[in-house]
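Okay, structure first, notes after.
The values are calculated or read from the model by the stated rules, or taken from the named source; none is laboratory data. The structure presented is a predicted model; accordingly, all values stated were derived computationally and were not measured. Here the Cβ positions follow ideal geometry from the backbone for every residue, glycine too, while neighbour counts run over all protein chains shown. Remember, those area values only see protein heavy atoms, side chains included, never the ligands or the DNA or RNA. Shrake-Rupley method; radii C 1.70, N 1.55, O 1.52, S 1.80 Å.
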Amino acid sequence: MARLKVAVLISGRGSNLQALIDACAGPDFPATIAKVVSNRPGVEGLARAERAGIPTQIVDHRGHPDRATFDSALHAALAETGAELVCLAGFMRLLTPGFVEAWRDRLINIHPSLLPAFPGLDTHARALAAGVRISGCTVHFVRATMDEGPIIVQGAVPVLADDDANSLAARVLAAEHRCYPLALRLIAEGRVHIVGERAVIDRSAPATDVLINPS
Ligand code: GAR
């Protein structure tokens with residue numbers, strides 16, 4: 001089985017990277033991680049990659065005078081691996097339109113809200129302030145506008161009465177760890193097609209349950 005070659009970009013803890021590493025360890029999983037690139041040295045995600053025997057590289061944004069030179073260093077680090085898909089997993093830098101175009105439809109991101117609600121930062125505090133009953137996460141193709149792009153997978157979780165941003169973040173994170181490997185599998189199996197600006201999934205089983213909160 002030819003596995004899809006993936007590079008993962010991180011900035012920190014790397015728990016989503018870990019979910020992808022664990023998925024790729026499955027004998028039948030159709031993707032493999034060729035490299036992990038971090039814009040920050042010393043982060044936990046780099047240690048996770050090293051433990052899994054995955055090559056790592058640091059492309060420190062602080063060593064570059066502007067976004068364009070940082071992004072071209074990033075591009076070179078990714079291109080040399082032969083990566084067919086790039087996964088942003090807690091990568092906290094805005095990417096230039098040139099970089100995003102170079103990886104168009106080969107660059108995906110995970111975001112901790114049900115997009116298009118709550119793009120940007122502090123999603124959980126904003127979801128709580130808005131009083132939504134359901135939140136979640138989104139895996140989507142990346143476009144030049146932050147947190148926009150065709151949606152591949154979403155996972156929904158209830159917002160509970162006594163939630164604070166931390167407890168909601170933990171519940172959403174558990175959904176992230178299920179959704180990101182699923183999105184990667186669907187793409188690697190060639191089942192995701194972009195039609196217009198929507199991602200269409202081939203042969204997806206109909207979802208059987210509805211999350212209603214309060215139930
Ligand atoms: C995750 O919750 C991810 O959705 C979020 O950062 C966290 C990274 O955690 N990403 C963004 O907010 C991107 N705008 P991790 O490093 O443990 O995967």
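Considering the stretch 151-183 alone, what residues qualify as being over 13 Å from the mean Cα position of the chain (by Cα), more than 13 Å from the ligand (Cβ to nearest atom) and not in a helix (DSSP H, G or I)?
Ala156, Pro158, Val159, Leu160, Ala161, Asp162, Asp163, Asp164, listed by residue number.
In this structure, is Glu197 surrounded by fewer than 16 Cβ atoms within 10 Å (Cβ to Cβ) and within 21 Å of Ala117 (Cβ to Cβ)?
In short, yes.
Would you check if there is a residue in the stretch 119-131 being in contact (Cβ under 8 Å) with a residue 60 or more places away in the chain and either among the small types (Gly, Ala, Ser) or more than 11 Å from the ligand (Cβ to nearest atom) (or both)?
no
Restricting to the stretch 172-191, name every residue that is surrounded by fewer than 17 Cβ atoms within 10 Å (Cβ to Cβ) and of a type in the set (D, E, K, R).
Arg178, Glu189, Arg191 - these are the residues of the stretch 172-191 that are surrounded by fewer than 17 Cβ atoms within 10 Å (Cβ to Cβ) and of a type in the set (D, E, K, R).
If Lys5 satisfies all but one of (1) in contact (Cβ under 8 Å) with a residue 40 or more places away in the chain; (2) open to solvent by 20 Å² or more (accessible area, probe 1.4 Å); (3) in a helix (DSSP H, G or I), what's the number of the condition it fails?
Result: Lys5 fails condition (3) only.
Given the criteria more than 14 Å from the ligand (Cβ to nearest atom) and either acidic (Asp, Glu) or in contact with a strand residue (DSSP E or B) (Cβ under 8 Å, 6 or more places away or on another chain) (or both), does Ala102 qualify?
no
Which residue pairs have Cβ atoms closer than 7 Å, lie 6 or more positions apart in sequence or on different chains, and pair a first residue in the stretch 187-205 that is under 14 Å from Gln154 (Cα atoms) with a second residue that is open to solvent by 50 Å² or more (accessible area, probe 1.4 Å) and not β-branched (Val, Ile, Thr)?
Listed by first residue and then by second, the contacts come to Val200/His193.
Is it the case that some residue within the stretch 184-193 is more than 10 Å from the ligand (Cβ to nearest atom), over 17 Å from the mean Cα position of the chain (by Cα), closer than 23 Å to Ala31 by Cα and part of a helix (DSSP H, G or I)?
No, the stretch 184-193 contains no residue that is more than 10 Å from the ligand (Cβ to nearest atom), over 17 Å from the mean Cα position of the chain (by Cα), closer than 23 Å to Ala31 by Cα and part of a helix (DSSP H, G or I).
Give all pairs with beta carbons closer than 9 Å in which a residue from the stretch 135-163 that is free of Cβ contacts under 8 Å to residues at least 24 places away in the same chain and closer than 21 Å to Met92 by Cβ meets a residue that is within 15 Å of the ligand (Cβ to nearest atom) and open to solvent by 50 Å² or more (accessible area, probe 1.4 Å); count only pairs at least 6 apart in sequence or on separate chains.
Partner pairs satisfying both residue conditions: Thr145/Pro119.
Which ones in the stretch 48-93 are within 17 Å of Gly12 (Cβ to Cβ), more than 12 Å from the ligand (Cβ to nearest atom), open to solvent by 20 Å² or more (accessible area, probe 1.4 Å) and outside any loop (DSSP other than H, G, I, E, B)?
Across the stretch 48-93, the qualifying residues are Glu50, Arg51, Thr56, Gln57, Ile58, His61, Arg62.
Restricting the search to the stretch 116-149, which residues are hydroxyl-bearing (Ser, Thr, Tyr) and under 13 Å from the mean Cα position of the chain (by Cα)?
Correct list: Thr138 only.
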